[in-house]
Amino acid sequence: MEFFVDTADIKEIKRINDMGILDGVTTNPSLVLKSNKNFKELIKEICKVVPGPVSAEVTATKFDEMYNEGIKLSKIAKNVVVKVPLTPDGIKTCKKLSKKKIGVNVTLCFSVNQAILAAKAGAKYVSPFIGRLDDIGKNGIDLISDIKKVYSNYKNLNTKILAASIRSTKHITQAAMAGADVATVPPKLLEEMFDHPLTAKGLKIFLDDWKKTKQKIL
Ligand code: G3P
């Protein structure tokens, strides 16, 4: 499973990347707004820090402009993945960018049918939004399992499932169990992934006993 961080906060990206467990980054216009930074400069900075795929989202809604935005974003760095929405214009843009060997992440996916369209358009990633489905009383994780099932029925559907809108550590576990290829996780949840009371308790016992030995490793 690949592990992406879902943020445009460069400090957080650097901190997490230093742990050595980060495969990529996803951003979206709302995260860019939060960062209060120039979008293109921010993407350039992130791409310098993280060698893996960095999703940068187009904001046009019509094909021509969307495609041109995608080309522009892809020129920022080799590891930029252009993010497009799951609309007819987005799918057309995906197909054309993919043909040019530009990686595309099709976002705002809420159904298996939409995921089929993304795969048919040659998307490198499709992003089903787990949390937002849960918000409306559906089961977001079921969508991950369903897309996985459908994609594995066909050799020509090679799009990776990128579990997005992850709101809890339980979502991360469930997405992994359902076979998501990637999970994009908000930094706060990454901290929570470390937590287990028995880890903290066990470490305290080991360190107390070590003190009693009066030894040093260094
Ligand atoms: O990757 C998309 C994600 O950022 C959306 O998350 O929590 O705003 O639904 P959320």
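Nothing in this text is a laboratory measurement; each read-out follows from the coordinates by a stated rule. The structure displayed is predicted, hence computed values, not measured ones. Counting neighbours? That spans all protein chains shown, and the Cβs are built from the backbone with ideal geometry, glycine included.
What the table below lists for this structure:
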read-out: Residue list for the stretch 151-193, given a label point 7 angstrom along the Cα-to-Cβ vector of Val49 and an amide N cut-off under 18 Å; value: 184-192
read-out: Trypsin sites (Lys or Arg not before Pro) within the stretch 148-207, DSSP loop, no more than 11 other Cβ atoms inside 10 Å; value: Lys155
read-out: Per-pair calculated FRET efficiency, R0 = 22 Å: Ile10 and Lys75 via Cβ, rounded to 0.05; value: 0.60
read-out: Kirkwood Rh in Å, taken over all unlike Cα pairs in the stretch 1-148; value: 15.6 Å
read-out: Whole-Å distance, taken between Cα centres, linking the stretch 61-84 and the stretch 110-186; value: 22 Å
read-out: Inter-label distance, nm, simple model (7 Å from Cα along the C-beta direction), Ala176/Asn156; value: 3.5 nm
read-out: Calculated P(r) tail over 24 Å for the stretch 60-218, as whole % of Cα pairs; value: 46 percent
read-out: Calculated FRET value between Lys40 and Ile217, using beta carbons and R₀ = 41 Å, to 0.05; value: 0.30
read-out: Environment charge of Phe110, counting only residues whose C-beta is closer than 13 Å and scoring Lys/Arg +1, Asp/Glu -1; value: -2
read-out: Cross-link reach list, lysines versus Lys214, counting only Cα pairs under 22 Å and skipping chain neighbours closer than eight places; value: Lys201, Lys204
read-out: Cα-centred dipole magnitude for the stretch 22-167, charges only on beta-carbon of K, R (+1) and D, E (-1), debye, nearest 20; value: 560 debye
